[in-house]
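The structure appears right after this line, and notes come after that.
The values are calculated or read from the model by the stated rules, or taken from the named source; none is laboratory data. Predicted model, so just to flag it, every value in this text is computed and none were measured. Counting neighbours? That spans all protein chains shown, and the Cβs are built from the backbone with ideal geometry, glycine included. The area values use the complete protein model at the heavy-atom level, side chains included, leaving out ligands, DNA and RNA. Shrake-Rupley method; radii C 1.70, N 1.55, O 1.52, S 1.80 Å.
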Amino acid sequence: MQLELSAWRKARGKSQDEMAKLCDVHVNTWRRWEENPGEMRFDKALLVVECLNIGFDNILLPQNTTVTSK
């Protein structure tokens, strides 16, 4: 299931402030990530997927992205 980062956060019952603290970033940084998760550094993305118990593809691939192999 493909959800936006904010939807995953809400589904897990976390506030933006809680997620920012868990990821050791300012809440404004978390808010930017919810708008554009591609801005996250890899180490922070690891924390996010761990805290939300989701896969990388759920936060880093836009909903209309298609992954193909050559």
- Item | Test result for Gly13, loosely packed, with under 15 Cβ neighbours inside 10 Å and at pLDDT 95 or above | yes
- Message: Can you list residue pairs whose Cβ atoms sit under 7 Å apart, with the first residue in region 25-47 being closer than 15 Å to Arg9 by Cα and the second being of a type in the set (Asp, Glu) and open to solvent by 30 Å² or more (accessible area, probe 1.4 Å)? Count only pairs 6 or more apart in sequence or on different chains.
- Response: Val27/Asp17; Arg32/Glu39; Trp33/Glu39
- Message: With the structure loaded, tell me whether Glu18 is open to solvent by less than 100 Å² (accessible area, probe 1.4 Å), acidic (Asp, Glu) and modelled with pLDDT of 90 or more or whether it fails that test.
- Response: yes
- Item | Search result, residues across region 33-56 that are surrounded by 14 or more Cβ atoms within 10 Å (Cβ to Cβ) and not hydrophobic (A, V, I, L, M, F, W, C) | Glu34, Pro37, Lys44
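Considering only region 9-29, state which residues are in a helix (DSSP H, G or I) and out of contact with any Asp or Glu (no Cβ under 8 Å at 6 or more places or on another chain).
Correct list: Lys10, Ala11, Asp17, Glu18, Met19, Ala20, Lys21, Leu22, Asn28, Thr29.
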